[in-house]
1. Name the residue, out of Ser283, Ser296, that is within 25 Å of Tyr326 (Cβ to Cβ), surrounded by fewer than 22 Cβ atoms within 10 Å (Cβ to Cβ) and out of contact with any Cys (no Cβ under 7 Å at 6 or more places or on another chain).
2. Quick check on my filter: what residues within segment 178-197 are open to solvent by less than 20 Å² (accessible area, probe 1.4 Å) and either assigned by TED's automatic domain parsing to the domain that holds Arg86 or within 14 Å of ligand 1 (Cβ to nearest atom) (or both)?
3. Does Thr175 qualify as being among the hydroxyl-bearing types (Ser, Thr, Tyr), open to solvent by less than 10 Å² (accessible area, probe 1.4 Å) and in contact with a helix residue (DSSP H, G or I) (Cβ under 8 Å, 6 or more places away or on another chain)?
4. Looking only at segment 421-441, decide whether some residue is among the polar types (S, T, N, Q), out of contact with any Pro (no Cβ under 9 Å at 6 or more places or on another chain) and at pLDDT below 95.
5. Looking at Val272, Val250, Val246, which is the one that is part of a strand (DSSP E or B) and either more than 16 Å from ligand 1 (Cβ to nearest atom) or open to solvent by less than 10 Å² (accessible area, probe 1.4 Å) (or both)?
6. Quick one: is Asn220 more than 16 Å from ligand 3 (Cβ to nearest atom), open to solvent by 50 Å² or more (accessible area, probe 1.4 Å) and more than 19 Å from the chain's Cα centre (by Cα)?
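The values are calculated or read from the model by the stated rules, or taken from the named source; none is laboratory data. The structure displayed is predicted, hence computed values, not measured ones. Neighbour counts run over all protein chains shown; Cβ positions are idealised from the backbone, glycine included. Note: accessible area is taken over every heavy atom of the protein model, side chains too, but ligands, DNA and RNA are not part of it. Shrake-Rupley method; radii C 1.70, N 1.55, O 1.52, S 1.80 Å.
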Amino acid sequence: MGNRCNLLSLATALVLGASASAPSYAAGKLNLASLDDGSAHFQRLLVTYAAGSAPRRDAASFQRSIDAAAGTASRALGGKALQFQRLRRTADGTDVVVLNRSLDRVGALAAMRALAADPNVVSVENDIRMVPYLTPNDTSFGQQFGYGAGAGGIRATTAWDTTKGEGTVVAVIDTGVTSHSDLNANVIGGYDFISGDGPNSGLPGNGFFVAVDGNGRDANPADPGDWNDNANICRTGNSSWHGTHVAGTVAAVTNNAKGVAGTAWGAKVVPVRVLGRCGGYGSDIADAITWASGGSVPGVPANPNPADVINLSLGSGAPAACPQIYRTALQGAVARGTVVVVAAGNSDADVTTARNASNQAVGYTMTNCGTVISVGAVTSSGARSSFSNFGTAVDIAAPGSGILSTVNTGTRTPTTEGYASFNGTSMASPHVAGVAALVQSVAPTPLTQEQMRTLLKNTARAFPVSPGAKPIGAGIVNAAAAVQAARTP
Ligand SMILES: [Ca+2]
Ligand SMILES: [Ca+2]
Ligand SMILES: [Ca+2]
């Protein structure tokens, strides 16, 4: 009841602030919907100061501004005094601010409002938490129906007569990769973008609970495992090896009389690590999108292998409005000529109208960010996978049920390589990313994001089983038809 009263008074204050009486800040600065990412506790906020403003230029001025905000928020909330601290600056100039204790939603609103009171601030949002779009299927091994000419297949086997994606680079922004003899030859470069948990996170692991590898950002994207034993923090489970599985679907070593095939097995995969234990932060993922596409990120060496295609088999675990930090990063990537493909999500919900905890129709991030090519999942019979998100913003579908690919077999840290069958739009997205790489490898000039979207949709194969009232795009991606169309001027 107390929370409700506080929330109402805050909402009232926002309305008044926007009235004619000389508001100290514009309500539009606050992305309140970013609080609806499924989290109950908030400790990392993203604040963007205007380019050229003193806090943007000068560390002391920045500190004064956030100290003032911490004081304001402390007085509003009571309890232990709040302290704000800059963790890092992201590629687009946004600062990640960590709090000395976690706040509930009402507290986070007060903290965001206090930060927004500085007239130099142009936006404040929560650093939303993202999760891999995988439905684990631990021990069931299946067949790779996805590449063939069956009801659910993408006709890659035909496309391979023309191209295997030679000369293209696909960045897999995920949990990193493990060493695998059916994958290693097609993996190059990469980076680990998982920053530390920040001070006073309350998490175990000496500041690296999410990172697992014992440090923050580093040049080694190896996946150390993402197992979790602590049900108070997130769902418990063994390590997923999600990134290794997704990378294998893009470009497993193929025609080597061993294991599995990949969609674009002439392409190279750049593994970019952003998801660790219990998921990953939007601020790290946004920087990874910028870096993977050839943009610059402070403190990180330039990517020597800029991606033709980025695959993002991840998203918000609950309906959440797209953060501005993603919009900026995605627009930058597309402007640099990178095609961005994302998983639609596994909640059997509408990607743009699913309602958040505040009953706003916000949908699921990443698809609701726009710009992206969004992929739903089908089964081997070409029917919509029962878990697949849907809606008019889903562009195309690809195999996502019972997908066999490369993994590690360790339950915690990596042990021996293996293969496993997973379900998820996480598995569908890399089929489309692989087809996009096949297309770029034969196109006379590289297609833009919008040209790629149009080509993939125009060449898609009609669904053999109608998804009915839960649309998942123009049809099932058709590698053979897409490659053929790309070669034709
Ligand atoms: Ca690290
Ligand atoms: Ca690392
Ligand atoms: Ca193989």
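1. Of Ser283, Ser296, the one residue that is within 25 Å of Tyr326 (Cβ to Cβ), surrounded by fewer than 22 Cβ atoms within 10 Å (Cβ to Cβ) and out of contact with any Cys (no Cβ under 7 Å at 6 or more places or on another chain) is Ser296.
2. Once the filter is applied, which keeps residues that are open to solvent by less than 20 Å² (accessible area, probe 1.4 Å) and either assigned by TED's automatic domain parsing to the domain that holds Arg86 or within 14 Å of ligand 1 (Cβ to nearest atom) (or both), segment 178-197 yields Gly190, Asp192, Phe193, Ile194, Ser195, Gly196, Asp197.
3. It is true that Thr175 is among the hydroxyl-bearing types (Ser, Thr, Tyr), open to solvent by less than 10 Å² (accessible area, probe 1.4 Å) and in contact with a helix residue (DSSP H, G or I) (Cβ under 8 Å, 6 or more places away or on another chain).
4. Within segment 421-441, one or more residues are among the polar types (S, T, N, Q), out of contact with any Pro (no Cβ under 9 Å at 6 or more places or on another chain) and at pLDDT below 95.
5. That would be Val272, the only listed residue that is part of a strand (DSSP E or B) and either more than 16 Å from ligand 1 (Cβ to nearest atom) or open to solvent by less than 10 Å² (accessible area, probe 1.4 Å) (or both).
6. The answer is yes for Asn220.
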